[in-house]
1. What's the number of the only condition in (1) hydrophobic (A, V, I, L, M, F, W, C); (2) closer than 30 Å to residue 157 by Cβ; (3) loosely packed, with under 14 Cβ neighbours inside 10 Å that residue 321 fails to meet?
2. Mind checking which residues of the range 347-368 are assigned to a helix (DSSP H, G or I) and open to solvent by 50 Å² or more (accessible area, probe 1.4 Å)?
3. Show me the strands (runs of 3 or more DSSP E) entirely contained within the range 404-486 in which 1 or more residues are open to solvent by less than 40 Å² (accessible area, probe 1.4 Å) and without any contact (Cβ under 8 Å) to a residue 24 or more places away in the chain.
4. Residue check: is residue 258 in contact with a His (Cβ under 6 Å, 6 or more places away or on another chain) and open to solvent by less than 80 Å² (accessible area, probe 1.4 Å)?
5. Any residue in the range 186-196 that is farther than 30 Å from residue 308 by Cα, open to solvent by 40 Å² or more (accessible area, probe 1.4 Å), modelled with pLDDT of 85 or more and among the aliphatic types (A, V, I, L, M)?
6. Pairs please, first residue from the range 1-15 and open to solvent by less than 40 Å² (accessible area, probe 1.4 Å), second anywhere and at pLDDT 60 or above and part of a loop (DSSP other than H, G, I, E, B), Cβ atoms under 7 Å, 6+ apart in sequence or on different chains.
7. Taking residue 166 as meeting all but one of (1) open to solvent by less than 50 Å² (accessible area, probe 1.4 Å); (2) under 30 Å from the mean Cα position of the chain (by Cα); (3) at pLDDT 90 or above, write down the number of the exception.
8. From the residues in the range 214-231 that are modelled with pLDDT under 80 and not polar (S, T, N, Q), which one is nearest to the chain's Cα centre (by Cα)?
Amino acid sequence: MTDTREVICRPHPSRGLWFVLGLGAAGAILAALRMAYRGGLPDPWACGGLLAASVGFGCLYWTTALVSADAYGLHSRTLLRRWSRPWHDVADLRVYMQYSRDGYDFRRVSVLLRDGRTRRLPLPWSTAVHHRPDFDAQLDALRALHRRYGAPQSSHVPVISYRAAGRGSAGWLVLCVLLLAGAGLAAWSVPSAGAEQRAWQSAVPCTTETAEHGDCLTTLPAVIARTEVGTVKGRSRLYFADGRPLERLSISREGVQGFQPGDSVELTLWRGQVREITGERHVWREHFTGAGDVAVTAAACALAAGCPGARVLLRLRGRRLPDDEVLPSAGPFTGALAGTALWLLPLCYLHPTTLLTSPVAITWAAAGSLATLGLLAWAWRATRARTPGEATAGAAEAAQEPSGEVFLAARFLEHTDYNPHGFGTHIVLGDGPPAVTPHPGPDRFAAKRIPVERLTVKDVRRARGGDGDGVPRSWHIAEVDDAGRPVRLAAAPADLNRIIRELDGAGNHRDTVKSGR
C-alpha cells in the first residue's frame, strides 16, 4: 500500500440495482405521460410512477458517486456536488459507524479537516462482514496516501461509533427540547384540568333557572337497542331504541360489555355530552383527566427529558477527549432520575396545585430535592472519564487483594491460541499460572494457560470505538505485544491492573528460572 500513487473508489452495482434503476426510469416516463394526458393533474398511476422515479434517482445518485485520491489531495464526486481538498487541509481519515436494526454496522469514511469540520465520503462503505475486507483495503490505501503527502493526527484508525466522544449530540438535544416542551404544555394545563374535574364533582341536577347554563346535570331515559363490542384498538358503541335521545354513543370496550340489549338506562348529560350511563346491573362513567394525572404527565416528561439531556451533558463533558474514545455510560444519571421519580410523581399526583402553598408539599419537595442532589452528585462522580493513571494500584491496594484463586471478568479481543475465536470471558489468577476461561469459576474447566513468557504490555488506554460494543464503557484496554503480534486485553481498571501485575510477575519469575538453569 505504501507504493500506491492513486486510489479510485467506485460502486459495484448489482443486477438488482440495475433493475431498480430501470424501474425508476420507467416510472418517470409513466408519470410524465399520465400528467401530460391529464393536463398536469396527478392520478394514482402518476403518483406510483413518481415514487418509483424517486427510488431510482436515489440509486442513480449512489451509482454515479466516485471518490479518488492522488498526490494532490482527496476528491469526491456525486450527481449533485463535487468536493476536493488538498492533503495539507486533511487532519485525519476516520471510520464513521452507524448501526442498523438488523444488527449490522454501516461504515463510511469520515474526513476530519484542519479547521475542525468533518465530511463523510460517499465511498467506500460497508454494510456487512463480507464487505469489510474491501472497505479496509480501500481505507488503508487512502491513509497510505495521506501519510505520504500529508500529516495524519493519529497513527491508528479512529472509529467514531455511537458511544464515541466525537459523535454529534444534535438529535439528543432536539429530543430533550421536545420532551421539555411537552412537560411545559402539560404543566400549563394542570389548572384547567383541575377546574374541570371540580366542576364535574360539584355539578347538581338542572332546575328551571340553571338549565340554560349547561353546567348542571340533565338526566334522560333511554333503552339500549343493541351493543357493538369492538376490538382492542377499535371502537365500541351503544345503539339506542328509536334513536332517542341519540342514535349511538361510543364508550370504552369494558363499558359496553356491561350492558345488554333491552336494558333501560338513564343518560346523564353535562355540558352537552353524555358523562354517565346508569343501568340496573352496570354504571359507566366517563373518565376525567384530573389535575393530578396531568401533573404526573408533566413530571414524567421532564424526567424523560433528563435521559437525552444526560447524554448531551456527557458529550459536553468529554469534548476534550479524543473523538474515538468511548464515553462513560449515562446509566448513573438514569438511576438518579429513577430515584427522583419515586418521590416526585406521588407528590405531583397528590398535590398538583398546592406545591407552593401546602406545608406538607413544601417539606416533601425539599427533602426529595436534597436526595436528588445527592444522587446527581454520585452520578457526576461515577461518570467521570477515568484515565489509566487514576486507576493505578499501589502497594497498599495489592496488599488488600484476596489470596487464592480468583476469576476476573476480562477478555482478549483477538483470536489467539489461548483465546480461540474469542471464547474467553474471564481470567483466573492464583493457585496456578494465569489462564483464560469461558466461565466465572469456580474451577479451571476448559481453561487455557496464558503464555506470559511471550507477552509484553506496551500501553494502557481507555476504550475506543474500534474496540467494539462488547467492551463495557468503563473498561480499559491494555495493548500487549504477543511475540511481535499486537493483541488487546480488556477489563475493568482495577482488575486490569491486577492482571498486568500478575502477568509481569509470572513473566519475571519464569525469566529467573530460565537464567538459573
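The values are calculated or read from the model by the stated rules, or taken from the named source; none is laboratory data. Values in this document were obtained by computation on a predicted structure and should not be read as measured data. Because the Cβ atoms are built from the backbone with ideal geometry, glycine has one as well, and the counts that use them run over all protein chains shown. Remember, those area values only see protein heavy atoms, side chains included, never the ligands or the DNA or RNA. Shrake-Rupley method; radii C 1.70, N 1.55, O 1.52, S 1.80 Å.
1. (3)
2. Answer for the range 347-368, where residues must be assigned to a helix (DSSP H, G or I) and open to solvent by 50 Å² or more (accessible area, probe 1.4 Å): 349, 350, 359, 360, 362, 363, 364, 366, 367.
3. The strands (runs of 3 or more DSSP E) meeting that bar are 426-429, 435-437, 476-482.
4. Numbers: in contact with a His (Cβ under 6 Å, 6 or more places away or on another chain): yes; open to solvent by less than 80 Å² (accessible area, probe 1.4 Å): yes.
Considered against the rule, which asks whether it is in contact with a His (Cβ under 6 Å, 6 or more places away or on another chain) and open to solvent by less than 80 Å² (accessible area, probe 1.4 Å), residue 258 comes out as yes.
5. Yes, that holds for at least one residue.
6. 11/65
7. (3)
8. So, considering only residues that are modelled with pLDDT under 80 and not polar (S, T, N, Q), the one nearest to the chain's Cα centre (by Cα) is 230.
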